[in-house]
Amino acid sequence: MEPRLAPFPASRPRRTRATAPLRALVQENTLSVNDLIWPVFVRDGTDVEEPIPSMPGVSRRSVDRIVTAAKEAAGLGIPAICLFPYIEPSLKTEDCAGAWDPDNLVNTAIRAIKDAVPDIAIMTDVALDPYNINGHDGFVVDGEILNDETVEALVKMTVAQADAGADIIGPSDMMDGRIGAMRAGLEAAGHRNVTIMSYAAKYASAFYGPFRDAVGASGALKGDKKTYQMDPGNSDEALRLVARDLSEGADMVMIKPGLPYLDICRRVKDAFGAPTFAYQVSGEYAMIQAAAQNGWVDGEKVMMESLMAFKRAGCDGILTYFAPEAARLLNA
C-alpha cells in the first residue's frame, strides 16, 4: 500500500527539514568510519611512496610505508585495509608462481602489518593479473582464459595469504567455482575463521583504468576481460552469481564498480540480506578528484555525498580510496 500524506497544509514535509537538529532526527541513512575499507598499493623497496598520476592523492608504498598507512588507518578508526601489489614487469610470468609465494609483497606486508597493528583487519586480492605476463586474472593458453586450472592456483594463493595472517580474502578473478574451492582449501588448512568477501558481481568496466596503472597491468593486458567479467547490460545475472557464491561459502559479497551499479547493490541487498559491499573504483575516484582540482565541484561535499549513496542503496560498507579523508571528516 502506498503511503499517503495528509493534504496541504496539514502536511508540510519541509517542517522536518527546517533546522539541522530536525534533519538529523529524520535522516534515514548514516555513514560512519566503520563503513570504510581503504585499498592501498604495495611495491618493493624501502621508504618509497610513489604517486600514481592517474589517481591524485594515491601512491604505491613500500612495505614499511604500508605499515605507516595501516597505523594511520587504525588511528582514524578505519576497520580494514585492502592490499594490492605492484609487481615489476620483469617479474611477471606465464605460470604466475609469484602469486602464492609465501614471501611475495602482499604476504610480507600482511605479516609486517599484523606485527605493528594487530587489531586492523587485512583484506587481500585473489587474482593472477598482477603476476601474469598476459595481464589476465587467469592462466592464458592459446588466447583462452582457463577456468579450472586457474581456480587451483587461486586456492594456493588464498591459503598462502591466510597463512600470512589475512582476515578477509577478496577473490576478484570471476572464475566459476572458485568460492567453493577456496572455502574448502581454507578449511583443510585450518583457517576456519578466515572470511571471504566475494567480488560476486564484477563487471567488465571501463572504470578500472587508473587501477590498472596503479598495479602495472595496463601495458601487460592482452585483449579484454569480457569472457569472465560481467556484461554491463546484465542485472539478473548478478543475482544468480551472488546466490551461487553465497551457497559456496562466501561470507560477504561485493559489487564492482560502485556508483554506476547502485541498482545492483539495492537488488542484491533486498534479495539476500547478506553483508553487501561496493567498490568505489579508481575511475570513480579519479573523476571526482579531477573535477575538484579543476574547481568544478566541491570535492569534500561530492566525496561524502557519493559515499552516502552507497549506504542509501543498501551497502554495509564501501571500499574507497577516499577512506582516510572521509574518516577525518567523520571524526571531526
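A few points about this structure:
- When the chain is treated as a Gaussian network with alpha carbon springs shorter than 10 Å, the biggest mean-square fluctuation among Arg17, Arg60, Arg266 belongs to Arg17.
- Helix 299-312 and the longest principal axis of the Cα set of the chain meet at an angle near 90°.
- For the range 197-332, a/c is not less than 1.5, where a ≥ b ≥ c are the root eigenvalues of the C-alpha gyration tensor, and a/b does not top b/c. That puts it in the oblate class.
- Translational D in µm²/s for the range 1-67 (Stokes-Einstein at 4 °C, 1.567 mPa s, Kirkwood Rh from C-alpha pairs): 77
- Taking other C-beta atoms within 10 Å as the exposure proxy, Phe84, Phe322 rank Phe84, Phe322 from fewest upward.
- Whole-angstrom gap from the range 114-186 to the range 223-238, using each part's C-alpha centre: 20
- Helical contribution to [θ] at 222 nm, DSSP H n ≥ 4, -39,500 (n - 2.57), averaged over the chain, rounded to 500: -11500 deg cm²/dmol
- Prolate/oblate/rounded call for the range 64-123, Cα gyration tensor, a/c under 1.5 rounded: prolate
- Within the chain, antiparallel bridges make up roughly 15 percent of the DSSP beta bridges whose residues both belong there.
- Globularity index of the chain, i.e. its alpha-carbon radius of gyration over 2.2 N^0.38 Å: 1.03
- Normalised by residue number, the volume inside the convex hull of the Cα atoms of the range 256-332 is 84 Å³ per residue.
- Result for the chain in a Gaussian network model with C-alpha springs under 10 Å: among Ile179, Ile122, Ile288, the largest mean-square fluctuation is at Ile288.
Each reported figure results from applying straightforward, stated rules to the coordinates on display, with no laboratory input. No experiment lies behind these values; they were computed from the predicted model shown. Backbone-built Cβ (ideal geometry, glycine too); neighbour counts: all protein chains shown.
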